[in-house]
1. Criterion first (at pLDDT 95 or above, farther than 30 Å from residue 196 by Cα and outside the structural domain of residue 476 (by TED's automatic domain parsing)) does residue 298 satisfy it?
2. Mind checking which residues of the stretch 304-321 are under 16 Å from residue 477 (Cβ atoms) and basic (Lys, Arg)?
3. Just to verify a result, which residue in the stretch 54-74, among those that are within 22 Å of residue 289 (Cβ to Cβ) and among the aliphatic types (A, V, I, L, M), is surrounded by the most Cβ atoms within 10 Å (Cβ to Cβ)?
4. Output yes when any residue across the stretch 77-89 is under 28 Å from residue 214 (Cβ atoms) and under 17 Å from the mean Cα position of the chain (by Cα), and no when none is.
5. Residue 181 fails exactly one of the following numbered conditions: (1) over 23 Å from the mean Cα position of the chain (by Cα); (2) surrounded by fewer than 23 Cβ atoms within 10 Å (Cβ to Cβ). What is the number of that condition?
6. Taking the options 291, 326, 314, name whichever one is outside any helix (DSSP H, G or I) and farther than 30 Å from residue 198 by Cα.
7. Six or more apart or on different chains, Cβ under 6 Å: which pairs go from a residue in the stretch 256-274 that's under 26 Å from residue 304 (Cβ atoms) and polar (S, T, N, Q) to one that's within 13 Å of the ligand (Cβ to nearest atom) and at pLDDT below 95? Could you list them?
8. Out of the stretch 240-261, which residues are surrounded by 19 or more Cβ atoms within 10 Å (Cβ to Cβ), touching a Pro at 6+ places or on another chain (Cβ under 8 Å) and outside any helix (DSSP H, G or I)?
Amino acid sequence: MSDVLIVGAGPTGLWLALELRSAGLEVTVIEKNVTRDIRSRGAAMAAGSLETLATRGVDQRFIDAGKPIHSVHFGASSTRLQMSRDVLGTKHPHSLMISQAVTEQILADLCENNGIKFFYGHTAVGLAQDAHGVMLETESNGGAKSNFTAAYLVGCDGTRSTIRKLAGIDFPGTEATFSGWLADVLVTDPPPAPISTNNKSGSFLIQPLGYKDYYRVTGVHLKTRHLPTSVVPTLEDAKSFTIEATGKDFGMHSPLWVSRFSNATRLAENFRSGRVFVAGDASHQFFPAGGQGITTGLQDALNLAWKLTAVIQGRVTGANAENLLGSYSSERRCALQGILANTLAQTALFIRDGPPEIALAEVVYELLAHPDLNKMWVRRITGFDDRFPVEYEGQDPLVGKRVTHLEVQGGFEALHTAMAVDKFLLVVRDEKIEAVLRKCTEPWASHLKYFGQDDNINPFSPQWDGVNAILVRPDARVAWIWRVSSSPEQLESSVVKTLGKLCKET
Ligand SMILES: Cc1cc2nc3c(=O)[nH]c(=O)nc-3n(C[C@H](O)[C@H](O)[C@H](O)COP(=O)(O)OP(=O)(O)OC[C@H]3O[C@@H](n4cnc5c(N)ncnc54)[C@H](O)[C@@H]3O)c2cc1C
């Protein structure tokens, strides 16, 4: 019996497997395909994903295999959202163009090197659970049935998730109202920089694919937007849409992949049913605008992994375990509501076929040119500023936020190296409270890494003004904050209470 069964070896399932395995858990991955999907799909990997990969020390493999892009569109705006160290506060303040097939291959190689068991060619078809565990039934291509058991199961099996259906989790949302088109092509006349534009023919984008010399060309063509996704565009269609949008076709030829995709938008009503969870596209579906798909799946996996690890290792039990596992669904659903809203807003900008819509889009694009709004939105759509639920009155606004703009020992490396699925970080800037915090958190020492006065802590954003201690969760989010203005008598009790609930009961 495994600790965790993962159904689906896409980016979400593979990342979750790596996270859980890094804590020594027994992880088994079930995948229906026998060969890897070679489509480029999630080719724009957001900066938020690169930061996640960096916190586990595997970022460079991906950087080496892709092409960085330092700006991103919002609703095909020609005013691009600009990424920089100051704005994102991370080691890699850029997106990465990298074919999803390459991303998955790197992740699968890491999994296999880490002793994760894979069963390819097994399609999940049946599911049962009781108070002690989960049983999964699979069917091979030849019709042979197999059974797998585990303490917990996570369905990372994509939009049409069998696990979500078998677990009885509803997937409400809105049906497709239009489709976009996509072509991965070679070009003889490449643009000097990525182009995004929105005009009366529709929206249009072209940028390097990050795979050989291919370019990704994509958009929403207003006149053909009502075509169903089954009507795949031809190279000639892609050329003619491109000429309508930009006046030329960049000499495109030799398509690698052409596709049509819809704006259907859905969110699972719960990401958990007992011992069964859903993550990634199995729990949410949205228009692929701004490269948010993979980042969202990785964040789901990151959020769930440390919670499952704490419960499986018996550090958090009973009602605390229920709350911790339940918080996966409430936190990620809350974040996803924001992401669904921003992708829906972008789809409204793509479809500008009347004077009011054209005027509204112009207003939005003008606002995005304002430096503060540009910064705010680039943080949102690169995965650094997710919504987070307010669980109690007076909750600090930084609780749940991803930790950025914080260097120690001269850079990001020391913090990244210290982060792990079963480790919290305690960063203390005030020597007066450092000794007290070190003493009262001693029972958690094996799950805590301290950074204090000797570590040259450098917060470089006003968000950290007045903050003199931060407890960071294993998913690089703020668990607890101590401000200059906090009442001193609660220092020990509040940090101890947080660690007792999230890390280990004493
Ligand atoms: C046209 C297009 C363009 C996109 N562009 C971007 C982009 O630029 N950037 C970005 O970040 N995202 C993009 N996305 C979204 C991105 O591809 C997805 O968000 C991502 O693939 C989600 O990963 P996942 O692991 O959750 O699911 P998937 O990648 O769908 O993986 C699910 C896995 O589960 C397996 N599976 C399914 N059913 C079963 C079963 N019953 N039993 C066993 N195995 C099963 C599948 O074979 C598959 O391997 C795009 C998507 C599309 C369609």
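1. Taking the combined requirement at face value, the residue does not satisfy it.
2. Within the stretch 304-321, just 307 meets the criteria.
3. Going through the qualifying residues, I end up with 72.
4. Scanning the stretch 77-89, I find at least one residue that is under 28 Å from residue 214 (Cβ atoms) and under 17 Å from the mean Cα position of the chain (by Cα), so the answer is yes.
5. Of the numbered conditions (1) over 23 Å from the mean Cα position of the chain (by Cα); (2) surrounded by fewer than 23 Cβ atoms within 10 Å (Cβ to Cβ), the odd one out for residue 181 is (2).
6. Of 291, 326, 314, the one residue that is outside any helix (DSSP H, G or I) and farther than 30 Å from residue 198 by Cα is 314.
7. Here the result reads none, with nothing in the stretch 256-274 linked to a residue that is within 13 Å of the ligand (Cβ to nearest atom) and at pLDDT below 95.
8. Hit for the stretch 240-261 is 250, nothing else.
The values are calculated or read from the model by the stated rules, or taken from the named source; none is laboratory data. Only a predicted model underlies this, so the values are computations on that prediction, with no experimental measurement involved. Note: ideal-geometry Cβ built from the backbone for every residue, glycine included; neighbour counts use all protein chains shown.
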